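The values are calculated or read from the model by the stated rules, or taken from the named source; none is laboratory data. Note that the structure is predicted; figures quoted are calculated from it, not measured. As a convention, Cβ positions derive from the backbone with ideal geometry for all residues, glycine included, and neighbour counts pool all protein chains shown. Protein only, heavy atoms only, side chains kept; ligands, DNA and RNA dropped before computing areas. Shrake-Rupley method; radii C 1.70, N 1.55, O 1.52, S 1.80 Å.
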Amino acid sequence: MKTSALFTPYSLGDLRLANRIVLAPMTRGRAGAERVPNDLMAEYYHQRASAGLLITEATVVSAQANGWIDSPGIYTPAMVEGWRKVTRKLEPTGTPIFLQLWHCGRASHSDFHNGELPVSASAVKLKGDHIHTPLGTKQYETPRALTAEEIKATVNDYRQAAINAREAGFSGVEVHGANGYLINQFLDSKTNQRTDKYGGSLENRFRFFREALEAVLEVWPRERVGARISPNGVFNDMGSPDFRETYLYTAEQINKLGVGYLHIMDGLAFGFHEQGEPMTLADFRPIYQGTIIGNCGYTKDAAEERLAAGDADLIAFGRPYITNPDLPERLRNNWPLAPAEDMSLWYTPGPDGYTDYKPFDAS
């Protein structure tokens, strides 16, 4: 019987992954108002440790980076110690876990920042329905453009976050450059209207991403660093006419930096903008020579196809992993997946809709 490609081992640098399945980063809002990871979060990741690789939910690198209620951080000693609870609980499983480094940028609100406006590449407002803030549901605001000195300070926040992640016991880190958050806001011409060295040309728009990655690479070996992009995404009001040129250039430059993997959101879950034919993993394979992780809306069959074609080395699963903590076992044995019928508890405090999903009963 032919072995499923999803269940063959894989070497990510010096890390030996038991299979090709990755837990995708998903914000779940269980860290509380102080943004300190806790025992409940440790249990959540431990339940999903049969993946080959775990990537944490997006984790803010500074107070300025905040923009989501009760999401975790990595910028205080208490946060570092909280994340240690997670990594220590995972140690006996042998499953590596990477921390995703995040800055919300304009996808935030002054309610998160003591009345100060959120920041971005440029003063371009996010055209969204609303944002949930600590003081209720509000309209998005026009952000303030970061100064060059503030950009330098933000790059240092990524460096310190990488140091803190190492102290917290992580196996590596992923720099979040996708889904309309700060790095993505610098990349895309739709949101970057700067005229200094961080705007205009492809080289300039990529500069902030490059500097953040270079800062992290001062702390971690290259094989322990990943980068995430969403070339087709419309989430958080993104999508530029020059997206194809932008992301081929971005992949080429990330390849030159030699980071361990490129995590590409190529799937359907966040929708495609109408600026042209969507990009696929096959567009990136000739340009990026390292490990490619495909992500967003994959089924088992679609994942197998991408692996067999050589377009991806690993496949990340998101929403199916919420209600199926034993997702690899279910996929391996063709057991039915628990449906995601009730999303009302996915982002609320406590174990309900978080750690209360049961593994499949094969008896």
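Given R₀ = 22 Å, FRET efficiency for Ala123-Arg319 by Cβ-Cβ distance, to 0.05? For R0 = 22 Å, the calculated efficiency reads 0.05. Mean separation of Cα pairs under 8 Å and 6 or more residues apart, divided by the residue count, gives the chain a relative contact order of 16 percent.
What is the local net charge at Asn204, summed over the other residues whose Cβ is closer than 11 Å to its Cβ (Lys, Arg +1; Asp, Glu -1)? That sum, taken over residues with Cβ under 11 Å, equals +3. Taking 23 Å as the straight-line reach from the Cα of Lys300, the lysines in range (excluding those fewer than 8 positions away in the same chain) are Lys2, Lys358.
Over all other residues within a Cβ to Cβ distance under 15 Å of Pro143, the charged ones net out to +1, with Lys and Arg as +1 and Asp and Glu as -1.
Charge tally for Tyr347 (other residues, Cβ to Cβ under 9 Å; Lys, Arg +1; Asp, Glu -1): +1. Toward the positive end of the charge dipole of the stretch 122-251, with +1 on the Cβ of Lys and Arg and -1 on the Cβ of Asp and Glu, the farthest Cα among Ala145, Gly239, Gly177 is that of Gly239.
About the Cα centre of the chain, what is the dipole size in debye to 20, counting +1 per Lys and Arg Cβ and -1 per Asp and Glu Cβ, all else neutral?
With only Lys, Arg, Asp and Glu charged at Cβ, the dipole is about 440 debye.
At full extension, Ser201 and Ala63 could sit 46.7 nm farther apart than now, given 0.36 nm per residue minus the alpha carbon distance. A 1.4 Å probe run over the chain, with the rest of the protein chains in place, finds 40 Å² accessible per residue. When you restrict to C-alpha pairs under 8 Å that are six or more residues apart and normalise by the size of the stretch 202-306, the relative contact order lands at 30 percent.
Any idea which of Gly297, Asn333, Thr323 is furthest toward the positive side of the dipole for the stretch 292-333, if Lys and Arg beta-carbons carry +1 and Asp and Glu beta-carbons -1? Of the options given, the answer is Thr323.
Computed extension length for Lys138-Arg16: 39.4 nm, one decimal, from 0.36 nm per residue of separation with the Cα-Cα distance subtracted.
Can you say what percent of the DSSP beta bridges in the stretch 68-196, counting only those with both residues inside, are antiparallel? Round to 5. Taking every DSSP beta bridge with both residues in the stretch 68-196, the antiparallel ones total about 35 percent. Counting only Cβ charges, +1 for Lys and Arg and -1 for Asp and Glu, the dipole size of the stretch 121-226 around its Cα centre is about 260 debye. Proximity of backbone amide H atoms, modeled 1.01 Å from N, is registered between Glu174 and Leu99, Gln100, Leu101, Gly226 at under 5 Å, excluding neighbours fewer than 5 places apart on the same chain. The alpha carbon gyration tensor of the stretch 95-196 gives principal lengths a ≥ b ≥ c with a/c of 1.5 or higher and a/b greater than b/c, which makes the shape prolate.
With a 1.4 Å probe and all protein chains left in place, how much of the accessible area of the stretch 199-253 comes from carbon and sulfur atoms, in whole percent?
Solvent-exposed carbon and sulfur of the stretch 199-253 make up 46 percent of the total.
Label point of Lys152 set 7 angstrom out along Cα-Cβ; within the stretch 188-205, amide nitrogens under 20 Å from it belong to 194-199, 204-205.
Partner lysines whose Cα lies under 17 Å from the Cα of Lys152, excluding those fewer than 8 positions away in the same chain, are identified as Lys197. Straight-line reach from Lys127: which lysines fall under 24 Å, measuring Cα to Cα and dropping same-chain residues less than 8 apart? List returned: Lys138, Lys190.
Across the stretch 224-363, the mean sequence separation of Cα contacts (distance under 8 Å, 6 or more residues apart), normalised by length, yields a relative contact order of 19 percent.
The slack between Ala309 and Lys256, meaning 0.36 nm per residue of separation minus the straight C-alpha distance, is 16.7 nm.
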